[in-house]
Each structure stands twice: as structure tokens, then as C-alpha cells.
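Chemist: The structure's right below; bear with me while I get my questions together.
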């Protein structure tokens, strides 16, 4: 049995989901898991044997304009390392979590191995900021092991930061007990979706990089040839602009703004096609969630997306901004029931074969064992 500490952002987001699901699956294997975060990870909504939560408390001091989260986190990490005799401290994001972990390791009396997983934003956003570049590089190069969620992200990290460190690719995964296709005709009825209408879905945080307007303009082209509705799931800075564009294009009856939703797998189960037309995407967890629910996907030739979608088998890859091709592929697929069924089956098979949770967790377990064996 290993004792593993996990630090991630506890709010809704791909990295937090993966970290929490990983912890739960590792606990099922008999490992003792200690989450060290600023809040209870939102996926931990039950009592789980062998899973413990250590909250990072932020005190407010008059001298500080902002509470010193990083120092509070490092202190809590060191405390848990010594009290629980952790073997592994697995942190998600190099900045700030890897830096905090390294500081905690220096503070703690008990030795621990640091594993850092790169999810993308710490490289693609913070990595281009000269203020943080050296700090992120330091966190990566001084971790005992580093993983990234796609080969594309590994290449970006090496190119942008010039790091001298082996980085293992360990893909994301989904909980197969949650993400599978369900028969839910009642949901379609509730949203006023007719039985002969195809359902296209987009799930994101409505930031510029997600290019939600491209999704809407693509749907505008699709709607001319296919009786369909578009589900826009999520919220964010571009929500109002997206709403305005829908009105401008006369799509108010065909586009449903659903806001933040918890049961994404239910919405995917009533969908026929997923669109992700981002200009930055280190992996694209929403694609894997869709494919696990037998939903083919159309995505851009950006970042890790081509590592998730198999072009012309589980969906299609287009060049960034090529909305004509995106619409053409969608129309072809949605108007051909046999082709759509085949792509749906291919999507599920690809998700289960390449990204199955057992396979991914075993890769992390092997990495832990390698570190601990070398330690001994």
C-alpha cells in the first residue's frame, strides 16, 4: 500500500476532475489517498474509505493585500508529509503546485517523491509570461517525475521552456461508470427537442480560446441542411457575446443556452455530434467524455485534439477557423444514419481501448513504483 498526497484545484475543471478521479481509483486499489487542497474537490461527494482531505486554510493579515496561498499550501503539504509519512506527493500543475511541493519537501523531515502532472494552462498561458518562465522550469526540472496529458504538450513544454527533463505522456481518462450512453427521451422532451431533430453539443468555459462563436457560425451552416438543435453548456466571459450572435443569426429557437450543468453525461447521451473548435487545447477532456457516450466529435488540428479524435473514424479534424469544412463534415455525418452509427461505435471503442481508466491508472501506478523502487 502506498500513501499518496494529491494537490489540485478543487473546483470544476479538467485537471481537478482527473486528479480526483485518479485518487478515487487509486484508493479502490488499496492505496491511502490524502487530498491537500483549498477546498473539498467537488467530485468527492460521498464518504470514501482510504481517502482523506486536508484543507489549506487561508488567514488574512492586514500587511498582505492578498492571502499568501502558496506559503499556506507548502506548509500544509509539509505537515501532511510528516504526519502521514507520505510516499508520493502528486501535484497537478507546475505553477504553483510543483513549486509549493518542492518547498514542502525541503521543510518536511520525512522524504517524499514529487510527481508533477502538466495539464496545459501552466505551460500555454503562464509559460509564455517571462515573470514565471524560470519558476515553472525550476518546478519541472526538480520534480522527481513529470507527466503531461498529451505528446503535443510535451513538445510545447520543451520548446517554450527549454527544459532538461524526461516527461512521460499519460493521457486523461473518464469514469466509465458515469460516462456511457443512456436512453433519456424525457430530457429531449423537457428541452423541446423533436424526435426527428439532431442534437449538436458544445461544452466549455466560454473563454476566447474556445471560439464559441465559431461553433455557433458552424451550426448556422449545418442548420440549413439538417433539422437540428445546438446545446451550449457552460458559462464564462464570452457567454453574452455568444447570446448576441445567436440573436443576430436568427437562431434563438434552435440554440439552447443551458449554463453550468453537473450531469454532462446525460446531455451527451441525447447528443449526436460534439463540436470543439478551440485555438488552444492540451488534450480536450470533453472530447473523451463525448466519445465515451458514443458521440462523434469535430475538432481543430490544435494541441492534443488530434491525439484524441481519429480523423474519419471517430470524428473529423479541421484546420483552425475552417468552418465550411466543419459544417460539411457535420452535414455528411448527420444525414447518413449508417455512417453516424458506425462513427458512434468507433468513438466508444477508441475511448475504451486507448483511454480506459484502468490502463491510465496502471501507468501512474507503474510510475510511482519506479520512483519508490529507486528510492529503496
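Chemist: What shape does the range 174-253 have by the C-alpha gyration tensor, where a ≥ b ≥ c are the square roots of the eigenvalues, rounded means a/c under 1.5, and otherwise prolate means a/b greater than b/c and oblate the rest?
Modeler: Verdict is oblate for the range 174-253.
Chemist: Under a GNM of the chain (C-alpha, springs under 10 Å), which listed residue has the highest mean-square fluctuation: 302, 107, 123?
Modeler: 107
Chemist: Something else about it: In percent, how large is the relative contact order of the range 185-355, given Cα pairs closer than 8 Å and 6 or more residues apart?
Modeler: Taking the mean separation of contacting Cα pairs over the length of the range 185-355, I get 22 percent.
Chemist: Calculate the FRET efficiency for residue 142 and residue 252 from the Cβ-Cβ distance with a Förster distance of 51 Å, rounded to the nearest 0.05.
Modeler: Computed FRET efficiency for residue 142 and residue 252 comes out at 0.45.
Chemist: Could I ask something else about it? Simple spin-label model, 7 Å along Cα-to-Cβ: residue 301 to residue 70 in nm?
Modeler: 3.9 nm
Chemist: Now for a separate question. Enumerate the residues in the range 265-306 having an amide nitrogen under 12 Å from the point lying 7 Å beyond the Cα of residue 325 toward its Cβ.
Modeler: Once the point is set 7 Å along Cα→Cβ of residue 325, 299-302 turn out to lie under 12 Å by backbone N, inside the range 265-306.
Chemist: Let me ask you something else. Only one of the listed values, [x] 130, 72, 46; [y] 64, 51, 36; [z] 66, 44, 38, was derived from the coordinates as Cα extents along the principal axes in Å; which label is it?
Modeler: [z]
Chemist: Follow-up. Ranked by Cβ crowding within 10 angstrom, fewest neighbours first, how are 264, 309 ordered?
Modeler: Details: 264 19, 309 28.
Least to most surrounded, the residues fall as 264, 309.
Chemist: Run the helix sum for the chain: -39,500 (n - 2.57) per DSSP H stretch of 4+ residues, divided by residue count, reported at 222 nm to the nearest 500 deg cm²/dmol.
Modeler: When only DSSP H runs of four or more count, the value is -13000 deg cm²/dmol.
Chemist: Within the range 187-214, whose backbone N sits under 19 Å from a point 7 Å along Cα→Cβ of residue 335?
Modeler: Flagged as within label range: 196-200.
Chemist: Would you mind calculating the gained length between residue 345 and residue 165 on full extension (0.36 nm times residue separation, minus the Cα-Cα distance), in nm to one decimal? Let's see the in-between values first.
Modeler: Details: separation 180, 0.36 × 180 = 64.80 nm, distance 3.86 nm.
So the extension gain works out to 60.9 nm.
Chemist: Would you mind ranking 171, 93, 180 by Cβ crowding within 10 Å, fewest neighbours first?
Modeler: Ranked by crowding around the Cβ, least crowded first: 180, 171, 93.
Chemist: Another question, then. Taking the beta-carbon count within 10 Å as an exposure proxy, list 206, 53 from fewest neighbours to most.
Modeler: 53, 206
Chemist: Ordered by packing density, taken as the mean number of other Cβ atoms within 10 Å over each peptide's residues, highest first, how do 249-259, 280-290 rank?
Modeler: Packing order, densest peptide first, comes out as 280-290, 249-259.
Chemist: Turning to a different aspect of this structure: On a full-extension model of 0.36 nm per residue, what is the gain between residue 194 and residue 240, subtracting their alpha-carbon distance, rounded to one decimal in nm?
Modeler: 13.9 nm
Chemist: Still on this structure, I have one more. Given R₀ = 30 Å, FRET efficiency for residue 155-residue 2 by Cβ-Cβ distance, to 0.05?
Modeler: On the way: r = 31 Å, r/R0 = 1.02.
FRET efficiency, residue 155 to residue 2: 0.45.
Chemist: Further, regarding this structure: Would any residue of the range 7-45 have its amide N under 12 Å from a label point 7 Å out along Cα→Cβ of residue 207? List them or say none.
Modeler: It comes to 13-15, nothing else.
Chemist: Please check: in the Gaussian network model of the chain (C-alpha springs, under 10 Å), which one of 232, 118, 184 has the largest mean-square fluctuation.
Modeler: Looking only at 232, 118, 184, the largest GNM fluctuation is found for 184.
Chemist: Which FRET efficiency, nearest 0.05, do residue 55 and residue 107 yield, Cβ-Cβ r, R0 25 Å?
Modeler: 0.85
Every number here is computed from the coordinates shown, using simple stated rules; none is lab data. Since the model is a prediction, treat every value here as computed from it, not as a measurement. Don't worry about glycine lacking a Cβ; one is built from the backbone with ideal geometry, like all the others, and counts go over all protein chains shown.
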